Protein chains: 2
Amino acid sequence: MSHARPTLTDVARAAGVSVSTASLAFSASGPIADSTRAKVLDAATELGYGGPNPAGRQLRSGRYDIVGVVIGDKLKRSFRDPVSVQVLDGLTSALGEADLGVLLVPGVESYVDGEIGVDPLLTSAGMDVAVLIWGAHTSDPRVETLRKRGIPIVVGEGNEVEGSSLVEIDDHGGVVATIEHLTGLGHERFVTITLPFRMGRREGWVDDARRELVDWTPTRHRLDAVLGSGVDLVGIYETEASLVENGAAAMRAILERFPDPATRPTAVVAQSDLLAAGAVLALHEAGLRVPEDMSVAGFDGLDLPWFSGELTTVIQPLEAKGREMGLAVRALLADGTVTRTTMPVELRIGTTTGPPPSAAAPRNS
Amino acid sequence: MSHARPTLTDVARAAGVSVSTASLAFSASGPIADSTRAKVLDAATELGYGGPNPAGRQLRSGRYDIVGVVIGDKLKRSFRDPVSVQVLDGLTSALGEADLGVLLVPGVESYVDGEIGVDPLLTSAGMDVAVLIWGAHTSDPRVETLRKRGIPIVVGEGNEVEGSSLVEIDDHGGVVATIEHLTGLGHERFVTITLPFRMGRREGWVDDARRELVDWTPTRHRLDAVLGSGVDLVGIYETEASLVENGAAAMRAILERFPDPATRPTAVVAQSDLLAAGAVLALHEAGLRVPEDMSVAGFDGLDLPWFSGELTTVIQPLEAKGREMGLAVRALLADGTVTRTTMPVELRIGTTTGPPPSAAAPRNS
DNA sequence: GAGGCCCCTCGAAACGTTTCGAGAGGCCTC
DNA sequence: GAGGCCTCTCGAAACGTTTCGAGGGGCCTC
């Protein structure tokens with residue numbers, strides 16, 4: 001008796017009220033006299049009652065007040081990436097304001113032979129809405145699972161998924177602005193360093209066949225913007241992860257492939273700031289100057305306190321994007337409103353881009 | 001009818017079996033003939049049944065299969081800090097392996113006049129165990145709340161909380177090894193840059209009164225190790241957050257307070273790698289060399305790809321610590337076993353520490 | 001003083017599942 | 001051929017809460 005955890009019924013009995021009244025005292029959702037509430041709360045304290053049992057509440061009300069947040073393929077990668085972290089940050093604060101909890105869900109359990117296993121949490125955990133932070137297509141097995149469970153979805157950076165809310169940024173516009181800035185400076189030969197293409201990651205130069213396999217939306221959008229701009233793109237280097245070391249490795253590969261300064265690409269468009277920063281580091285390592293020998297532009301607008309100089313980059317409102325997703329969740333929860341938002345970006349011109357070397361020191365000198 | 005979501009009862013009826021048998025087909029926890037299971041599963045697919053309702057399951061079984069992870073005072077800070085991120089990473093993978101979900105819980109809702117408000121999620125969300133990643137004391141209101149709810153606790157880096165599992169690292173040993181390394185090199189005048197002291201954050205030099213107010217366990221352990229080592233500690237600089245910029249600001253304050261190279265401290269013990277890295281950057285900024293003009297040691301063993309050289313630091317097994325917490329959770333869940341673990345650390349001597357300037361260039365030269 | 005209205009409290013009915021012990025039926029063994 | 005055991009299925013009983021409509025009582029107004 002003293003061992004079993006007290007229930008609302010016990011509290012009600014001790015307070016001398018009905019169970020329904022006791023419930024009201026906690027939920028604050030119905031009319032109740034202050035004196036009655038106090039009586040109930042006192043009885044609760046007396047008995048060591050820790051508040052209504054969530055399971056009971058959830059079952060009866062049909063609400064969990066929990067949002068499942070599906071992050072990249074590995075928790076590790078998502079947490080390491082400041083971009084995801086900032087989005088997550090905006091998202092959690094917007095959800096927290098509505099007293100919604102965030103349940104972390106790994107994206108996929110396994111990736112074997114192209115077969116994607118859905119994480120058990122996605123199939124069994126209680127949640128009112130699911131947020132797919134990084135992309136989804138209609139054929140996505142995760143979408144399939146959620147749809148079957150009747151859980152509404154908010155997608156970040158994905159293809160349009162029927163009946164789901166979508167929040168994305170103007171990737172295309174950002175990259176186009178970058179390219180225009182660079183061509184305006186006189187650049188003619190470009191290389192681009194891309195984010196991972198798809199779940200089956202690899203690192204290296206991209207050929208035509210591989211180019212068709214871009215599956216991850218931001219990668220595709222940003223690559224398409226370069227391809228569509230008509231500039232002379234002499235190479236596409238695909239990375240395994242958006243990290244400094246990957247950017248550095250990419251730059252080393254670029255320098256190795258184009259040893260001759262005369263024919264070397266003069267501008268590098270990296271799809272993320274960390275990749276760009278890594279590229280700059282590798283250039284310095286090789287004794288080259290930025291932007292005198294090569295211009296490097298990034299994407300994200302991260303604040304890199306350790307980076308000397310300032311990256312030319314596309315500032316995307318990461319935290320605001322997260323918040324926007326949170327608002328989309330709340331709209332879905334409030335009245336089922338499906339929304340679609342595109343966040344604007346802004347080109348910031350830093351110290352890592354400048355005129356190409358041929359312009360600064362003409363070939364005939 | 002076709003509108004309402006089907007329940008297990010509907011599936012059972014459609015499959016021509018009892019509800020309990022249908023339940024067995026999903027839970028895989030009882031004996032059931034393969035043919036029967038197939039029949040149930042087919043009926044489920046037919047009806048578009050997405051699996052057992054979590055609320056029902058939770059209510060009946062009393063298990064949520066969810067672990068509440070309480071992070072620092074602000075989600076933002078935790079996510080920005082690679083240290084937390086790595087711990088979180090290890091924790092989530094260890095929990096994921098047991099199919100336990102991670103519910104993110106902001107530590108406190110508010111901090112006003114020393115009054116700590118507990119986040120509503122802590123009082124109302126369903127969870128089997130709570131993990132306090134960064135510290136707790138017995139009088140902690142969060143501990144109070146959880147105890148009342150009967151939720152077992154795993155604490156990382158905290159005071160011992162009665163009846164809770166604890167996972168910590170050997171802070172003291174790490175700092176002592178650092179100090180010994182530095183005194184061995186001939187250093188005599190030390191400064192230490194500390195992590196935040198407590199929830200009410202401030203930045204600046206620490207006087208005796210403030211020194212009493214250290215509330216955060218790693219900060220206290222590491223500071224006590226310096227104080228107890230008997231070296232000449234000429235200043236304690238407290239930071240507001242463990243970030244590169246805070247370390248740089250601290251170093252600027254140090255250089256300002258000790259303008260004379262002859263009396264300046266020659267060794268800086270920073271309580272984190274980011275602080276140490278920031279300190280090194282600020283030294284370079286001021287035209288000083290590391291370690292020739294000043295030695296800097298950190299703590300954490302982070303991998304900083306952008307840092308030129310290698311930090312002398314104490315390597316703590318962050319991810320392993322997270323995993324260890326996950327194991328503690330599982331032990332608690334399995335049979336209520338309360339554990340207490342101290343993880344070992346290891347001093348790594350890098351390129352940021354060396355003999356003090358007086359030794360390299362004696363005063364009488 | 002009576003009628004009406006508002007504020008508060010109450011009882012009953014779900015919400016959908018798992019668990020438990022009982023029991024039916026089939027097969028093996030002696 | 002009968003007994004026993006094993007495998008599988010079943011029915012009933014919770015699990016603890018919220019919600020809904022009904023209704024009781026007090027106070028204000030006329």
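The values are calculated or read from the model by the stated rules, or taken from the named source; none is laboratory data. Keep in mind the model is a prediction, meaning the values are calculated, not measured. In this analysis, Cβ positions are derived from the backbone assuming ideal geometry, glycine residues included, and neighbour counts consider all displayed protein chains. Keep in mind that these areas ignore ligands, DNA and RNA; they rest on the heavy atoms of the full protein, side chains included. Shrake-Rupley method; radii C 1.70, N 1.55, O 1.52, S 1.80 Å.
Test of understanding: what is the full-extension gain from A:Met199 to A:His172, defined as 0.36 nm times their sequence separation minus their Cα-Cα distance? Provide the component values of the computation, followed by the final result.
Working: separation 27, 0.36 × 27 = 9.72 nm, distance 2.21 nm.
Contour length minus Cα-Cα distance gives 7.5 nm.
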Between A:Glu162 and B:Glu212, what is the FRET efficiency for a Förster distance of 51 Å, r being their Cβ-Cβ separation, to the nearest 0.05? 0.25
Contour excess over end-to-end distance, with Cα ends at B:Thr337 and B:Arg13 and 0.36 nm allotted per residue: 112.4 nm
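From the convex hull of the Cα coordinates of the stretch A:248-324, what is the mean projected area in square nanometres? Display every interim value, and only then the final one.
Values: hull surface 21.4 nm².
Here the figure is 5.4 nm², rounded to one decimal.
Count, for each residue of B:50-61, the Cβ atoms from other chains sitting within 10 Å of its Cβ, then give me the mean as a whole number. Before the final figure, lay out each step's value.
Details: counts 9, 5, 2, 6, 11, 12, 4, 4, 9, 8, 2, 1.
Counting Cβ atoms of other protein chains within 10 Å of each residue's Cβ and averaging gives 6.
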Roughly what % antiparallel, to the nearest 5, for the DSSP beta bridges in chain B? 20
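Enter the mean number of other protein chain beta carbons within 10 Å of the beta carbon of each residue in A:32-45, as an integer.
Values: counts 0, 0, 0, 0, 0, 0, 0, 0, 0, 0, 0, 0, 1, 1.
Per-residue shielding by partner chains comes out at 0.
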Rounded to two decimals, what ratio of Rg to Rh does the stretch B:191-293 give with C-alpha atoms and a Kirkwood Rh? 0.94
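Mind listing which GluC sites (Glu not before Pro) in the stretch A:305-340 are in a DSSP loop and have 11 or fewer other Cβ atoms within 10 Å?
Values: sites: A:Glu310, A:Glu319, A:Glu324; in loops: A:Glu310.
Of the GluC sites (Glu not before Pro), not one in the loops of the stretch A:305-340 has a Cβ with at most 11 other Cβ atoms within 10 Å.
Based on DSSP, what percent of beta bridges with both residues in the protein assembly as shown are antiparallel, to the nearest 5? Mind dumping the intermediate values first?
On the way: 21 of 89 bridges.
Expressed as a percentage, antiparallel bridges in the protein assembly as shown total about 25.
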Does the protein assembly as shown classify as rounded, prolate or oblate by the C-alpha gyration tensor (a ≥ b ≥ c root eigenvalues; a/c under 1.5 gives rounded; else a/b over b/c gives prolate, otherwise oblate)? oblate
Let me know the whole percent of all Cα-Cα pairs from the stretch A:8-61 that are separated by more than 17 Å. 27
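So if we plug the beta-carbon distance of A:Ala28 and B:Arg252 into 1/(1 + (r/R0)^6) with R0 = 45 Å, what FRET efficiency do we get, rounded to 0.05? The partial results should precede the final answer.
Working: r = 50 Å, r/R0 = 1.12.
E between A:Ala28 and B:Arg252, to the nearest 0.05, is 0.35.
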Using only Cα atoms, figure out Rg for the stretch B:198-242 and give it as a multiple of 2.2 N^0.38 Å. 1.11
Shape verdict for the stretch A:206-365, please, from the Cα gyration tensor: rounded (a/c under 1.5), prolate (a/b greater than b/c) or oblate. prolate
Sparsely packed GluC sites (Glu not before Pro) within the stretch B:176-215, loop by DSSP, other Cβ within 10 Å at most 10: B:Glu212
In deg cm²/dmol and to the nearest 500, what is the mean residue ellipticity at 222 nm of the protein assembly as shown if only DSSP H runs of at least 4 residues count, each as -39500 (n - 2.57), divided by the residue total? -12500 deg cm²/dmol
Rounding to the nearest 10 and keeping the result within 0 to 90°, find how far the Cα-based axis of helix A:318-335 lies from the longest principal axis of chain A. 40
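Find the sum over both chains of the accessible area lost when A and B are paired, probe 1.4 Å, and report it in Å² to the nearest 100. All intermediate terms of the calculation are to be shown ahead of the outcome.
Working: alone 17130 and 17150 Å², together 30600 Å².
Its buried surface, counting both partners, is about 3700 Å².
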PRE reach from A:His284 (point 7 Å along Cα→Cβ): which of the stretch B:300-319 fall under 13 Å by backbone N? B:305-309
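Under Stokes-Einstein, with the Kirkwood radius over Cα pairs standing in for Rh, what whole-number D in µm²/s applies to the stretch B:1-99 at 20 °C and 1.002 mPa s? Display every interim value, and only then the final one.
Numbers: Rh = 16.4 Å.
Here the translational diffusion coefficient equals 131 µm²/s.
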Sort chain B into rounded, prolate or oblate with this rule: let a ≥ b ≥ c be the square roots of the eigenvalues of the Cα gyration tensor; rounded if a/c is under 1.5, and if a/c is not under 1.5, prolate when a/b is larger than b/c, oblate otherwise. prolate
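Report Rg(Cα)/(2.2 N^0.38 Å) for the stretch B:290-330, keeping two decimals.
Values: Rg = 14.7 Å, N = 41, 2.2 N^0.38 = 9.0 Å.
Here the Cα radius of gyration is 1.63 times the empirical estimate.
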